[in-house]
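Asks: One structure, as structure tokens, below. Some questions next.
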Amino acid sequence: MTATPAWPPRSSPRLFVDQPLATAGSLRIEGGQAHYLVNVMRLTEGAAVKLFDDISGEYLARVTARGKRDLTLTIECLLRPREAVPDFWLCAAPIKKARFDFLAEKACELGVARFVPVLTDRAVVDKVKPDRLRGTMIEAAEQCERTALPEISALTKLDALLKTWPEGRPLFFADERLHEGSGVSLPQAIALHPGPAGVVIGPEGGFTDAENAAICGHPAAVPVSLGPRILRAETAAIAATAVWMASQGDWVA
Ligand code: SAH
């Protein structure tokens, strides 16, 4: 017996499909995914494809029929059940499109459970396209062998976020102004508040004083510093997520 199964080949295409796969049997693939499999990957009948559904896990499927613009995949077996996802919510003010896409991609790779775009006063961007964010996350998940996707919340006003924040879940508030004084660093704060949590990150221009006061006045809020250097919003979001994952997530092998 070999340690690494020879089948399916590691190079098999891997796709997210938006339907439950446990009982699917076979499924028709059309549109962009079919174009990718037929014209880009040039799959022929019998070729292996890995599929995941963000519900039950990752499956091995085979091409059982192939047209010019569509193909039929037949599921053969479950390869892996859906992974357990660490319970961390990343709440971030939208920033310019390419940077927010980057942030969403990294949030998916790092394994956040929920991604909440948060509308704040100094937002230079006040619209987000959840479908676009989801598409970015799906691509990251396909590439990085994820079997789960983050939940994406609708754009949420900061006061609504605070009003609906679940009792008992610490909300780490990344406040770049803390580094000058008696600030607590994120790792210190996590040690004091272990377990499921979330972080809120401001936009390019930061939070206003009123927003700062509103967050600090919330019982779940824990103001934290991410160090003496001011980070761009996307760097702050990624760094905070990584720091939380390292101790409370699943980095321990
Ligand atoms: N106030 C600055 C920078 C905003 S940085 C300005 O007006 O330009 C964007 C967001 O990243 C901040 O709102 C904060 O949530 C987070 N952030 C950046 N550097 C940080 C640090 N060193 N510590 C804590 N949070 C930080």
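The values are calculated or read from the model by the stated rules, or taken from the named source; none is laboratory data. Because the structure is predicted, anything quoted here is derived from the model rather than measured. When we count neighbours, we look across all protein chains shown, and the Cβ atoms used for this are built from the backbone with ideal geometry, even at glycine.
Asks: Give me the strands (runs of 3 or more DSSP E) completely within region 60-121, filtered to those with at least 1 residues that are surrounded by fewer than 22 Cβ atoms within 10 Å (Cβ to Cβ) and over 15 Å from the mean Cα position of the chain (by Cα), ordered by residue number.
Replies: Values: elements: 71-81, 88-92, 114-119.
Once the strands (runs of 3 or more DSSP E) in region 60-121 are filtered for at least 1 residues that are surrounded by fewer than 22 Cβ atoms within 10 Å (Cβ to Cβ) and over 15 Å from the mean Cα position of the chain (by Cα), what remains is 71-81, 114-119.
Asks: Please find, within region 122-163, the residue that is farthest from the ligand (Cβ to nearest atom) out of those that are of a type in the set (Lys, Arg) and in a helix (DSSP H, G or I).
Replies: Residues of region 122-163 of a type in the set (Lys, Arg): 122, 127, 129, 132, 134, 146, 157, 163.
Among the residues that remain, those that are also in a helix (DSSP H, G or I) are: 132, 134, 163.
On the way: Arg132: 22, Arg134: 24, Lys163: 20 Å.
Across region 122-163, the extreme among qualifying residues is Arg134.
Asks: Which of (1) farther than 13 Å from Gly111 by Cα; (2) assigned to a helix (DSSP H, G or I) is the odd one out, the single condition Ile230 does not satisfy?
Replies: (2)
Asks: Write out, first by first residue and then by second, each pair whose Cβ atoms fall under 8 Å of each other, whose residues are 6+ apart or on separate chains, and whose first residue, in region 205-232, is more than 25 Å from Lys96 (Cα to Cα) and modelled with pLDDT under 95 while the second is more than 9 Å from the ligand (Cβ to nearest atom) and not in a helix (DSSP H, G or I).
Replies: none
Asks: Given the criterion more than 21 Å from Glu83 (Cα to Cα) and not hydrophobic (A, V, I, L, M, F, W, C), identify the matching residue among Pro196, Pro203.
Replies: Testing whether each residue is more than 21 Å from Glu83 (Cα to Cα) and not hydrophobic (A, V, I, L, M, F, W, C) leaves just Pro203.
Asks: What is the number of the single condition among (1) at pLDDT 95 or above; (2) buried (at least 17 other Cβ atoms within 10 Å of the Cβ); (3) within 14 Å of the ligand (Cβ to nearest atom) that Ser185 does not meet?
Replies: (2)
Asks: Identify, by number, the condition in (1) under 15 Å from the mean Cα position of the chain (by Cα); (2) charged (D, E, K, R); (3) under 16 Å from Leu161 (Cα atoms) that Asp126 doesn't meet.
Replies: If we test Asp126 against (1) under 15 Å from the mean Cα position of the chain (by Cα); (2) charged (D, E, K, R); (3) under 16 Å from Leu161 (Cα atoms), just (1) comes out false.
Asks: Yes or no: Pro228 of a type outside the set (D, E, K, R) and touching a Lys or Arg at 6+ places or on another chain (Cβ under 9 Å)?
Replies: Values: of a type outside the set (D, E, K, R): yes; touching a Lys or Arg at 6+ places or on another chain (Cβ under 9 Å): no.
Judged against the criteria, Pro228 is not a match.
Asks: So Phe207 passes all but one of these: (1) surrounded by fewer than 19 Cβ atoms within 10 Å (Cβ to Cβ); (2) in a loop (DSSP other than H, G, I, E, B). Which condition number does it fail?
Replies: (1)
Asks: Evaluate the following for Leu51: is it of a type in the set (A, V, I, L, M, F, W, C), modelled with pLDDT of 95 or more and part of a strand (DSSP E or B)?
Replies: Answer is yes for this residue.
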